[in-house]
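Here's the structure, in C-alpha cells; my notes come after.
Computed from the coordinates by the stated procedures, all read-outs in this text should not be read as laboratory data. Remember, predicted model here, so these are calculated numbers, not experimental data. Heads up, the Cβs are rebuilt from the backbone with ideal geometry, glycines too, and the neighbour counts pull from every protein chain shown.
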Amino acid sequence: MAPIQSLWGRAMHRVHYVPLSAGIRSASNPPTSVRHSSSGFTLLELLVVIVIIGLLASYVGPKYFGQLGKSEVTVARAQLEAFSQALDTYRLDMGRYPTAEEGLRALVARPAGAETSPTARWNGPYLKTDLPLDPWGRPYQYRTPGARGEYEVASLGQDGHSSPDLVRP
C-alpha cells in the first residue's frame, strides 16, 4: 500500500487550475477562437421538410376524409337493415307494423294498445339498445304506409334531406 502523501501528491498533479478571469470576456480579454456550431438545421432545410409534409398531407388527406364519408353511409345502411329486421319480427308478433303514431319507439317499448288486442303478443324489445340516431346525429324517419311498401325507414343523410340510398322499405 502506498503512503497517503504519495497518493495525495499524485492527485494534486491531475488537478488543473483555471484562472477566474478565463470565463470573463471583455475588450481586454477577447475570445481566442470563434466556434461555429453545426448542430442545428438551416432555414432552407426546415422549409424543404415542411413542403414535403404538406405534399404528403395533400395527397393522403382527401383519400382519408373520402373514406370517412363512405363509412357513415355504410353505418346508416346497416342500421336501416337492423330496423327492417326488427320491424318484420314486430309484425310476426303483433300481426301488423307499428302505426305512424307508435313509430320506431314501438320496437323498444310496448305500445299502449298492445295489451288489449287478443292476437297481439308484443315480445320486445326488438332492438338490443335504445333507438340510435343516424351517423349525422338525426333521428331516423318512420313512415307508414311507405311509397314502396307497407313502411319506410329513412335517414335524412348528411345534408338533412332524404336520399334514395338511405331509405329502407
Legend entry - In sequence order, calculated HN-Hα J values of the stretch 94-110 (Karplus, 6.51, -1.76, 1.60; Hz; x Gly/Pro): 9, x, 7, 7, x, 6, 5, 5, 6, x, 5, 4, 5, 7, 10, 9, 4
Legend entry - Order by protection proxy (mean Cβ within 10 Å, highest first), peptides 54-62, 84-92: 84-92, 54-62
